[in-house]
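Q: Handing you this structure, nothing more for now.
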Amino acid sequence: MSFVVAPLSAAAFQPLFGLPDTVLAARGIERRTVAGPGSPCRVTLQDAEPGETVLLMNYEHQPADTPFRSRHAIFVREGVADRSFAPDEIPPAFSARQHLSLRAFDAVGMMVDADLTPTAELPAAIERLLADPQVAYLHAHYAGAGCYAARIDRA
């Protein structure tokens with residue numbers, strides 16, 4: 001079964017780009033200069049390079065009104081444009097990690113399955129989870145920090 005990884009849209013974050021740090025702080029957002037690896041942008045699904053500026057913020061990635069409603073920290077590289085991925089393409093930020101957590105949700109946002117998956121086995125795990133007709137979509141999370149990475153849908 002073919003799948004597609006859907007990063008977040010840059011449009012949701014563009015109004016934040018270039019705002020003064022004091023205005024961002026009032027919204028609970030930090031501007032950071034990346035010093036090393038480990039700042040995966042949720043719009044491009046690539047790790048930001050040292051010296052790049054990222055916004056660190058809390059983001060509600062699972063807004064369904066269920067016990068699985070969820071928010072977590074994310075990074076967004078400042079000034080980026082939308083990025084899309086071809087069916088079955090694994091984003092660079094996923095490939096840079098040893099494991100991802102996959103969470104399977106039904107149409108109303110209830111978690112129905114989950115898997116901690118080595119990145120090398122990611123396509124097979126995604127296909128297995130999406131083969132369940134009860135599963136409407138997946139969320140990928142970075143296994144170490146547990147941060148939301150991206151949504152995965154059937155292609």
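Where a number appears in this text, it was derived from the coordinates with a stated rule and is not lab data. Treat the numbers as computed from the prediction; the structure is a model and nothing was measured. Please note: Cβ atoms are built from the backbone with ideal geometry, for glycine as well, and neighbour counts cover all protein chains shown.
Q: Considering only the other residues whose Cβ falls under 13 Å of the Cβ of L19, what net charge follows from Lys and Arg at +1 and Asp and Glu at -1?
A: -1
Q: Here's a follow-up. Applying 1/(1 + (r/R0)^6) with R0 = 41 Å to the Cβ-Cβ distance of F17 and D88, what FRET efficiency is obtained, to the nearest 0.05?
A: 0.85
Q: Could you give the size of the charge dipole of segment 3-154 about its Cα centre, using +1 on the Cβ of each K and R and -1 on the Cβ of each D and E, expressed in debye and rounded to the nearest 20?
A: 340
Q: Could you give the length gained by full extension between A145 and A124, i.e. 0.36 nm per residue of separation minus their alpha carbon distance, to one decimal place?
A: Working it through step by step, the gained length comes to 5.3 nm.
Q: What is the gain in length, in nm to one decimal, between M110 and E30 on full extension, counting 0.36 nm per residue of separation less the C-alpha to C-alpha distance?
A: 25.7 nm
Q: With point charges of +1 on the Cβ of Lys and Arg and -1 on the Cβ of Asp and Glu, referenced to the Cα centre of segment 3-154, which listed residue (T119, F94, Y148) lies farthest in the positive direction of the dipole?
A: Farthest towards the positive end: Y148.
Q: Hull surface divided by four, with the convex hull built on the Cα atoms of segment 65-155: how many nm²?
A: 6.4
Q: Give me the net charge of L129's neighbourhood, meaning all other residues with Cβ under 11 Å from the Cβ of L129; Lys, Arg count +1, Asp, Glu -1.
A: -1
Q: While we're here: For the chain, what is the mean residue ellipticity at 222 nm derived from helices alone (per DSSP H run of n ≥ 4: -39500 (n - 2.57); sum divided by total residues; nearest 500 deg cm²/dmol)?
A: About -3000 deg cm²/dmol.
Q: To continue, here is another question. Among F75, F94, rank each residue by its count of other Cβ atoms within 10 Å, from fewest to most, as a rough exposure measure.
A: With the fewest neighbours first, F75, F94 line up as F94, F75.
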